[in-house]
Amino acid sequence: MSANFPPSLIEALQSAEIVTALTGAGVSAESGVPTFREAQTGLWAQYEPEHLATPDAFIEDPVLVWEWYAWRRSLVSEVDPNPGHVALVEFERRFPQFVTLTQNVDGLHRVAGASNVIELHGNIQQVKCFDRGHPILDWDTLDGVPPLCPLCGSYLRPDVVWFGESLSESALEQALAWALQADVYLSIGTSSLVYPAAALTVEAIKRDGIIVVEINPNETPLSPYVDFGLRGPSGEILPALLDAIR
Ligand code: BJW
């Protein structure tokens, strides 16, 4: 595979000081975590996102939403990082400055050993309460579906970012700074449909002198604007890319 990479891409990576990677659900697909929007296997082939990943859905049916996340939490706890996650850890060691900005809530980048990770959409293993946002540890010993917040009595919910909710301001600010400083920006395994995460790629594309690379078996709305589109699974392309720049 390495022989097929454009030489100008390899040169850009070999001389890069700052590299920013934005990842999406596709990065975890080869670990067995379903993506969101692929018709046959996506989580939302069974459920519409608007029905489950919104505050209104939780207000309407907290039991259904809690149980959907409980199912996903147990799925995620049984899978391992794949060669794509592992290659990104090697990238982190290889470049003077490297960050993984992830939309994924599965925590697999950290499990793989990545240390500089910004989780833009939260983490499915963490919970907070619905009314006040109290972060709660040791919640799995609490009764109730969903359990109640020991501090204020409101329902607990996963500490993830639902549609219509704001991302952490500081996480987004840091992520934007990385997109605006990168020599090379990698958009990996994301449909680039969900904002503001996709806007990070848009901001990178708008800059002069940056190389923007998309790694995805399929095209996305941003594909026409990137410098290189590497079509294939990230679990194969990332290790090959790493080999090619060594
Ligand atoms: C592989 C592969 C392999 C497969 N290797 N690749 C501007 C314009 C339009 C709309 C908006 C906008 N700004 C805000 C909005 C509204 C909304 C939005 O973006 N809507 C769009 C759908 C139109 N955004 C929001 O509401 C955000 N909040 C916000 O902006 O607050 C301010 C505000 C508030 C109120 C009003 C207006 C503004 C919050 C977004 C939160 C998203 N949350 C979710 C759920 C997280 C919790 C959970 O997990 O349940 O995050 S939605 C879901 O989508 C999840 C993902 O992180 C996110 C992105 O999906 P991703 O990762 O791209 O996955 P897929 O499935 O879409 O794609 C997988 C890709 O992998 C595919 O391309 C495959 O080809 C590829 N692939 N195998 C490599 N082996």
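For the reader, a short list of remarks on this structure follows.
- Any hit, region 41-48, residues being charged (D, E, K, R) and either within 10 Å of the ligand (Cβ to nearest atom) or touching a residue at least 12 places away in the same chain (Cβ under 8 Å) (or both): no
- Restricted to region 45-90, and to residues there that are of a type in the set (Gly, Ala, Ser) and under 16 Å from the mean Cα position of the chain (by Cα), the residue that is nearest to ASP159 (Cα to Cα) is ALA53.
- Yes/no for PHE98 being farther than 25 Å from LEU238 by Cβ, of a type outside the set (S, T, N, Q) and at pLDDT 95 or above: no
- Within region 149-167, tally of residues that are on the phi < 0 side of the Ramachandran plot and free of Cβ contacts under 8 Å to residues at least 12 places away in the same chain: 1
- Residue that is farthest from the ligand (Cβ to nearest atom), among those in region 212-233 that are of a type in the set (Val, Ile, Thr) and touching a strand residue (DSSP E or B) at 6+ places or on another chain (Cβ under 6 Å): VAL212
- Hey, LEU193 within 12 Å of the ligand (Cβ to nearest atom), surrounded by fewer than 16 Cβ atoms within 10 Å (Cβ to Cβ) and within 28 Å of ASN82 (Cα to Cα) or not: yes
- The set of residues in region 71-86 being assigned to a helix (DSSP H, G or I), surrounded by 14 or more Cβ atoms within 10 Å (Cβ to Cβ) and more than 12 Å from the ligand (Cβ to nearest atom) consists of VAL86 alone.
- Elements of type helices (runs of 4 or more DSSP H) contained in region 1-63, each with 1 or more residues being at pLDDT below 90: 43-46, 49-52
- Residue that is nearest to the ligand (Cβ to nearest atom) [pool: residues in region 101-140 that are surrounded by fewer than 17 Cβ atoms within 10 Å (Cβ to Cβ) and either among the hydroxyl-bearing types (Ser, Thr, Tyr) or modelled with pLDDT under 95 (or both)]: ASP140
- Among the residues examined, GLU236 does not qualify as over 26 Å from GLN174 (Cβ atoms), without any contact (Cβ under 8 Å) to a residue 40 or more places away in the chain and near the ligand (Cβ under 9 Å from one of its atoms).
- In region 143-162, the qualifying residues are those that are at pLDDT 95 or above, outside any strand (DSSP E or B) and not small (Gly, Ala, Ser), and the one that is nearest to the chain's Cα centre (by Cα) is VAL161.
- Checklist (1) over 18 Å from the mean Cα position of the chain (by Cα); (2) in a helix (DSSP H, G or I) applied to LEU176, failing item: (1)
The values are calculated or read from the model by the stated rules, or taken from the named source; none is laboratory data. Note that the coordinates shown come from a computational prediction; the quantities given were computed from them, not determined experimentally. Methodologically, a virtual Cβ is constructed for each residue, glycine included, from the backbone with ideal geometry; neighbour enumeration extends over all protein chains shown.
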